[in-house]
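Read-outs: derived from the displayed coordinates by stated rules, not from any lab. The shown structure was predicted, so the numbers you read here are calculated from the model rather than taken from an experiment. Methodologically, a virtual Cβ is constructed for each residue, glycine included, from the backbone with ideal geometry; neighbour enumeration extends over all protein chains shown.
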Amino acid sequence: MKYFYSTETSSVPGLIAIEEAQIKCKLIETSKSKKVNIDLLESFNPLSQVGTLVLDDGSVLTQNLAILTYLADLAPASRLLPPSGERSRYDVLSWLAYSISDLQKPLGMGFRRKELTSSEAAQAEVLAFFTKMLERFLMRIERAAGDLRYVNGDDFTIADCHLFFTLKYIKVLLGGFDQFPMTATYFERLLDRPSVQRAISIKGDRR
Ligand SMILES: N[C@@H](CCC(=O)N[C@@H](CS)C(=O)NCC(=O)O)C(=O)O
């Protein structure tokens, strides 16, 4: 298997899952700014987006929801995702969908406000709009994180892999988690996880 990634992007959750479950996979770093491996990535994924997973049969899987579910199912002993039929599997998928859609989309819009308009006043309005949206959605995690070690209980799951990525950048956009103390503690716990530490320090290609 091959996994195309870029540092600091939403391909990091896949790296965390690969590290957590010790899955054998060639890692290929891509960078649009440095023009590294972009043609190769495009030959597998015409949208040229990361993460992109190429399976051993040559078929291609894109989108975190599918990639993370696939990786977790390759390593059931990791408990990154409970097995099919187990009630908690669907709770983990709910958290993962929440991170990918409710959090990642407003986050992306907040960061890309300068591409939406050149007016500084309009940019400030866009930022305020998406900040408010994120603060509303963060309440779900703030309530859950008070009682639990990881977002869905004691097991570290693929939802935590993705939430590490979204929370890292929400923290930057909001300027901290002052209004969200439980989320702040949960985020620090994710940051301490050895698989997360290994994933964020990966650079270059790895066989
Ligand atoms: N919904 C996709 C998002 C993938 C995505 O937006 N990837 C970004 C990096 S965060 C990317 O490759 N952007 C480059 C581009 O679109 O040209 C997923 O969950 O995998």
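List of remarks:
- Two tests apply to each whole DSSP H helix in the chain, Cα reach of 27 Å or more along its axis and mean Kyte-Doolittle hydropathy of at least -0.5, and the ones passing both are 120-145.
- When segment 2-79 is described by a simple charge dipole with +1 on each Lys and Arg Cβ and -1 on each Asp and Glu Cβ, the residue from S6, A77, I67 located farthest towards its positive end is S6.
- Ellipsoid semi-axes for segment 2-79, based on the Cα gyration tensor and the rule √(5λ), read 21, 13, 10 Å when sorted largest first.
- Partners of K171 within straight-line reach, counting lysines whose Cα lies under 25 Å from its Cα and excluding those fewer than 8 residues away in the same chain: K32, K105, K114, K132, K203.
- Low-density loop positions, trypsin sites (Lys or Arg not before Pro), segment 93-154 - DSSP coil, at most 16 other Cβ in 10 Å: R112, R149
- When only alpha carbons are used to place a centre, segment 110-182 and segment 1-61 end up 25 Å from one another.
- Length added when fully stretched, K34-K132, from 0.36 nm per residue minus Cα-Cα: 31.8 nm
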